[in-house]
Amino acid sequence: MSEEKRRPEDDGRDFANAAWSIPSYLLSGMVFYGGAGWLLDRWLDTSAFFPIGVVLGTVLAVYLVYRKHGR
Amino acid sequence: MSLLAEVSGNVTAIGYGLAAIGPGIGVGIIFGQGVQAIARQPEAYGLIRQNMLLGFVLTEALALIGLVAPFIFQAI
Amino acid sequence: MIALTLLADPDQFKAPTPDELFQLPPIIAGVDWFTKPVLLAILSSIIVLGFLWAAFSNPKIVPRGVQNVAEFGYMFVRDQVARPFLGKDADRFMGLLLSMFFVIWVWNMMGVVPVAQFPVASHIAFPIVLAVSVYVLKLYLGFKTQGVGGYFKNMMFPPGLPKFIYVLLAPIEFLSNMIIAPFTHAVRLFANMFAGHMLIAFFSMVGFWFLFEQLSPLGAPIGVLGVLMTIIMTGFELFIMFLQAFLFAMLAAMYIGNSLHPEH
């Protein structure tokens with residue numbers, strides 16, 4: 001959408017979009033990297049990768065939201 | 001001594017309930033104050049919006065860490 | 001001390017468990033699928049159908065009676081749900097969004113209707129069906145407007161990020177849009193209705209137990225408190241029921257809108 005055709009409603013829509021997608025981004029970051037860590041743990045018979053994966057996924061999801069919406 | 005009260009069922013649910021109090025209050029404060037800020041200064045909308053979203057992400061992350069924390073401590 | 005032990009003694013007062021609240025027996029013995037939520041869901045569809053039929057089958061220029069009420073609901077859904085997210089495509093999807101909003105609202109309102117008293121959406125199967133149908137529609141519209149490859153490219157690779165970061169972030173985007181988003185869409189409605197029903201059942205159980213089953217001078221104030229909390233929570237639930245129906249329709253409009261006009 002070009003800049004001059006932006007209406008005030010578009011801002012509200014973008015904001016709602018961002019706010020509603022944030023929880024699913026955080027959850028999916030945790031699930032994906034936590035799941036990868038869990039599988040690594042099962043494979044290597046360790047217990048450290050799952051927490052590391054969860055924290056890494058959270059950090060990456062926060063970074064993704066920051067780059068997408070924080071500008 | 002007789003038992004005064006007993007907890008049955010899954011204790012992690014209570015843990016998540018406690019862990020969700022803080023982020024709940026935090027998200028309320030962020031959006032409440034954010035809406036107030038936009039109402040006071042509509043021309044600063046872009047800046048306020050951006051900071052509202054960042055604060056919301058960081059607060060929501062805490063709530064979701066509370067959700068997965070029981071699984072982490074089970075694994076360890 | 002005595003009042004507290006009275007509260008805690010498991011033989012005296014038992015809080016209602018999810019099993020006895022939500023695992024309802026079949027209405028007709030032998031027909032296993034036909035339980036109370038199914039009956040209420042069918043009833044709600046008939047109510048919504050009848051209501052909208054009465055309102056819009058023979059519309060007048062100057063609305064009167066039931067058409068007035070239905071037009072108020074239509075205006076609400078159009079101005080608060082459809083137009084902000086769909087823009088000029090709003091009218092195409094009004095049928096879906098309006099019926100979805102009304103059906104979910106009536107489903108939820110069944111939780112406070114005196115004889116029914118069971119919010120249909122507190123069985124997760126019902127929200128899942130609606131969420132899956134919205135999900136299929138979202139995918140279909142996305143594939144139609146952007147092409148299959150373009151849809152996934154727009155979704156997984158938002159522009160303006162350093163190259164190597166895409167490897168780490170694309171799985172998050174994919175999982176978030178394809179699995180977690182429809183999942184939370186259904187669970188949000190289900191969990192709110194489930195928790196609300198449990199809460200009302202618990203407080204009314206407290207009131208009934210301490211005022212009727214086991215009336216005692218120490219228990220009576222707790223019973224009165226239970227009744228008061230039931231009334232307060234019912235009012236609160238009425239608000240939540242409306243809010244969740246609105247949010248479900250709003251998120252459906254948001255997903256459809258994102259498929260129709262991808263962000264650049």
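The values are calculated or read from the model by the stated rules, or taken from the named source; none is laboratory data. Predicted model, so just to flag it, every value in this text is computed and none were measured. Positions of Cβ are backbone-derived with ideal geometry, glycine not excepted, and every protein chain shown enters the neighbour counts. These accessible areas exclude ligands, DNA and RNA; they are computed on the full protein's heavy atoms, side chains included. Shrake-Rupley method; radii C 1.70, N 1.55, O 1.52, S 1.80 Å.
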query: Can you pull the percent of chain C's accessible area that's carbon plus sulfur, 1.4 Å probe, other chains left in place?
result: 73 percent
task: Count, for each residue of C:43-52, the Cβ atoms from other chains sitting within 10 Å of its Cβ, then give me the mean as a whole number.
output: 0
- prompt: Across peptide C:176-188, how many C-beta atoms of other chains are within 10 Å of each residue C-beta, on average?
  reply: 4
- request: Springs between alpha-carbon atoms under 10 Å, Gaussian network over chain B: tell me which of B:Ala20, B:Ala39, B:Ala61 tops the mean-square fluctuations.
  value: B:Ala39
- prompt: Using a cut-off of 29 Å between alpha-carbon atoms, which lysines can reach C:Lys88, once sequence neighbours fewer than 8 places away in the same chain are excluded?
  reply: A:Lys5, A:Lys68, C:Lys60, C:Lys138, C:Lys144, C:Lys153
Burial ranking of peptide ranges A:23-36, C:48-61, C:95-108 (average Cβ count within 10 Å, highest at the top): A:23-36, C:95-108, C:48-61
statement: Computed, not fitted: 222 nm per-residue ellipticity of chain A from DSSP H runs ≥ 4 (each -39500 (n - 2.57)), nearest 500, equal to -27000 deg cm²/dmol
query: What is the mean number of Cβ atoms from other protein chains located within 10 Å of the Cβ atom of each residue in peptide C:155-165, rounded to a whole number?
result: 1
message: If you average 1/r across every pair of different Cα atoms in chain C and take the reciprocal, what Kirkwood value do you get, in Å?
response: 21.5 Å
statement: The rounded separation in angstrom of the Cα centers of segment B:1-71 and segment C:227-264 is 19 Å
